[in-house]
1. Per residue of the stretch 124-136, in order, report the coupling 6.51 cos²θ - 1.76 cosθ + 1.60 (Karplus, θ = phi - 60°) as ³J(HN,Hα) in whole Hz, putting x for Gly and Pro.
2. Going by amide H atoms built from the backbone, whose H comes under 5 Å of the H on residue 88, apart from near neighbours?
3. Using a Förster distance of 45 angstrom, determine the FRET efficiency expected from the C-beta separation of residue 47 and residue 184, and round it to 0.05.
4. Working out 0.36 nm times the residue gap between residue 3 and residue 210, then minus their Cα-Cα distance, what length gain in nm do you get to one decimal?
Amino acid sequence: GQTPGALLASGLAAVAERPVRLGSVAQPGACSDDLDQQVALVLAEPDRVPDICVIMVGANDVTHRMPATRSVRHLSSAVRRLRTAGAEVVVGTCPDLGTIERVRQPLRWLARRASRQLAAAQTIGAVEQGGRTVSLGDLLGPEFAQNPRELFGPDNYHPSAEGYATAAMAVLPSVCAALGLWPADEEHPDALRREGFLPVARAAAEAASEAGTEVAAAMPTGPRGPWALLKRRRRRRVSEAEPSSPSGV
């Protein structure tokens, strides 16, 4: 009940006011090159394609020194296959590994830079294939840095249950929006919140360093290439997360 999938399903069930069936193919230590097999499992039954898939990947790619081009190639392929099958896709991009206490300088600075560069590249790759992304880097960074004992687990590397809840509640509004369950009046860009249409590359760069920022495909192309809609959705607080298991199985 404390995993991101269960929290997202609980929150979605509460918003939609209907049961939600949750399936997970997550693997401990998985990297982006594991997505091919995971997507195959998700799409194993053509008549039971999920309405929406949430992918959180990237941290292990950085720690295993996987080239960003290879990482993004696998992610883009996964998003394309899921979208072609008819599923909506939301990607939680690489978190800020510079918040991990056990990593010392200058490695911490290098980890932060690699994390944000990968997050930006993931955004471009996912959005170009019709998915949405939510930045976890800047969202988790300050909160994890200020509350490491609360948001990190016993190994001081993986998030605690509270840390996973923070990530899940950042992604939930975008999951709801992708399914048409978010208030219609919040779908229009709000200039006061610095939302709007931007070239994908610029939107990706902004999202990589700002809390909970969503990037979704917009205009097919423009003078500077593909465009995207950048949104800063109001996320729920961790304390508002439902502690119970999701409706359905």
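1. 4, x, 5, 5, 5, 9, x, x, 10, 10, 10, 6, 9
2. Here the answer is 52, 53, since their amide H atoms fall under 5 Å of that of residue 88.
3. Here the calculated transfer efficiency is 0.90.
4. 72.2 nm
Read-outs throughout are calculated quantities, based only on the coordinates presented, and are distinct from any laboratory measurement. Predicted, not measured: the structure shown is a model, and the values here were computed from it. Quick reminder, even Gly has a Cβ in these numbers, built from the backbone with ideal geometry, and neighbours come from all protein chains shown.
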